[in-house]
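This report concerns only the one structure given below.
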Amino acid sequence: MNELINDLVLTTWYNLSTNLVTGDINLLTGILGLILAVLLSVLGGAIGGMILAGRDISYSLAARIGGLFGPTGVFPAILLGLVILSLLK
């Protein structure tokens with residue numbers, strides 16, 4: 001039973017890495033790309049909030065607000081980009 005489970009996990013990771021390298025967009029790679037893009041937009045929003053309003057309000061509050069507002073503009077663009085990429089393929 002352990003061999004079956006280990007083989008399934010290794011096969012899944014191998015297929016995921018192969019799809020990411022070749023640029024094949026399926027449900028799993030799309031969700032992974034969406035999660036990665038949202039996390040990076042949260043980080044970028046936090047940094048932007050600290051740069052813009054760090055002195056006026058505290059840096060931690062500016063980072064929190066920027067982290068919340070960062071993905072609001074990025075999330076629809078990411079979804080639209082993934083749809084366009086999947087249609088072009």
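The values are calculated or read from the model by the stated rules, or taken from the named source; none is laboratory data. Every value quoted in this text rests on a predicted model; they were computed, and no experiment measured them. Cβ atoms come from the backbone with ideal geometry, glycine included; neighbour counts cover every protein chain shown.
Things to note:
- Residue in region 18-40 that is modelled with pLDDT of 90 or more and either within 14 Å of the chain's Cα centre (by Cα) or surrounded by fewer than 12 Cβ atoms within 10 Å (Cβ to Cβ) (or both) present: yes
- Tabulated pairs, region 32-53, first under 16 Å from G81 (Cα atoms), second of a type in the set (F, W, Y) and assigned to a helix (DSSP H, G or I), C-beta under 7 angstrom, 6+ apart or interchain: V38/F75
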